[in-house]
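Below is one structure, written out as structure tokens, with a few remarks after it.
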């Protein structure tokens, strides 16, 4: 594994860092202000579309896609430091059209979509003109075991009829959301539990889709993106909307979640770096009991431990990215599972230390730390909880010694 970044990666790193410092970070508060003064929080702040247009003009667009026909053609190892830079701001991934769940949905369409599906949905997603949602998790079953998913997709002539109750359908609240990828059962009696599920494209405006409520995350609504609890009642879509074929939902899921998991972890390194930067700034500026906080040994210890843990986490992420590039996602599954456990937990520890150093302000809206902590905490569930990944890691490790 080479530790030096490629010339192309270094070029993008410089351009992204410059763009973040000049355009994204200075406009975070503008984004919040515009969101809060709108008639509803479920509208897109104008500053976001302005930033997207500027980023696209500069070629900082769709960097996540390894397919050079649609994206920058970067390998996972090349994209990792770029994703980390984007992770330093909650609005940055969308600015560069590299935000979930659109990234995962675009990857699904690139890999498994038909020519017509790509023309209708992939092209506008790549152009940033629409957004999408992903409907997999269900409230009535333990969806960490996806074989439990009960929603149904039933063939009826030239259509499929969809019924189900989903939640944490991320992206459903966005007024630009035009397409969902839905996972449900097409063959509940198949003896192979991993061939019962399928994925299908569901246009957002299809009759029968009802948002029960938008869910909050530690009190945050994540508007205008949001996470919905959604009912699908006799939703009819053309049979041509099926992805890859009946019974291949798990195959698609594995192709989608591998890159999705590592992208989350890449961004989390950026979150942790920003928290550490805020910690150092606060330690230098704040005076208590007659001296700066940076003069206390406990502060230096916390800063040092955070630096160590972030560097460890980054190396794990880069190693997983390197394996994905060299031996493939399936062979890299243990490394991917390791970072999915290690990185969010590392980020949470760093943010917690930063919050402690900020005192009461650290848990308020005066600083971004509380929001950063809440979002990072959800990643111990997203794309599979820690327990599922530890189970996989343990089994794979045991297999080596048998």
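Assigned by TED's automatic domain parsing to the domain that holds residue 378 and touching a strand residue (DSSP E or B) at 6+ places or on another chain (Cβ under 8 Å): which single residue out of 286, 267, 261, 256 fits that description? So that I can check it myself, show each step before the final result.
On the way: 267 fails: touching a strand residue (DSSP E or B) at 6+ places or on another chain (Cβ under 8 Å); 261 fails: touching a strand residue (DSSP E or B) at 6+ places or on another chain (Cβ under 8 Å); 256 fails: touching a strand residue (DSSP E or B) at 6+ places or on another chain (Cβ under 8 Å).
Just one listed residue meets the conditions, 286.
Looking at 271, 235, can you tell me which residue is crowded, with 19+ Cβ neighbours inside 10 Å and over 20 Å from residue 369 (Cβ atoms)?
Values: 271 fails: over 20 Å from residue 369 (Cβ atoms).
Of the residues listed, the single one that is crowded, with 19+ Cβ neighbours inside 10 Å and over 20 Å from residue 369 (Cβ atoms) is 235.
Yes or no, residue by residue, for (1) in the same structural domain as residue 54 (by TED's automatic domain parsing); (2) surrounded by fewer than 22 Cβ atoms within 10 Å (Cβ to Cβ); (3) part of a strand (DSSP E or B):
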{"residue": "143", "(1), (2), (3)": "no, yes, no"}
{"residue": "198", "(1), (2), (3)": "no, no, yes"}
{"residue": "210", "(1), (2), (3)": "no, yes, yes"}
{"residue": "223", "(1), (2), (3)": "no, yes, no"}
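Mind checking which helices (runs of 4 or more DSSP H) fall wholly inside segment 288-402 and carry at least 2 residues that are farther than 24 Å from residue 227 by Cβ and over 21 Å from the mean Cα position of the chain (by Cα)?
Details: elements: 297-326, 333-358, 369-378, 386-400.
By residue number, 297-326, 333-358, 386-400.
For residue 103, state whether it is under 20 Å from residue 248 (Cβ atoms) and either touching a residue at least 12 places away in the same chain (Cβ under 8 Å) or not in a helix (DSSP H, G or I) (or both).
On the way: under 20 Å from residue 248 (Cβ atoms): no; either touching a residue at least 12 places away in the same chain (Cβ under 8 Å) or not in a helix (DSSP H, G or I) (or both): yes.
Here the answer is no, as residue 103 does not meet what is asked.
Would segment 116-126 turn up any residue that is more than 22 Å from residue 255 (Cβ to Cβ), outside the structural domain of residue 70 (by TED's automatic domain parsing) and surrounded by fewer than 24 Cβ atoms within 10 Å (Cβ to Cβ)? Write out each step before concluding.
Our first condition is that a residue be more than 22 Å from residue 255 (Cβ to Cβ); within segment 116-126, this holds for none.
No, the conditions are met nowhere in segment 116-126.
The values are calculated or read from the model by the stated rules, or taken from the named source; none is laboratory data. Source: prediction; values computed, not measured. For neighbour counting, all protein chains shown are included, and Cβ atoms are generated from backbone atoms with ideal geometry for every residue, glycine included.
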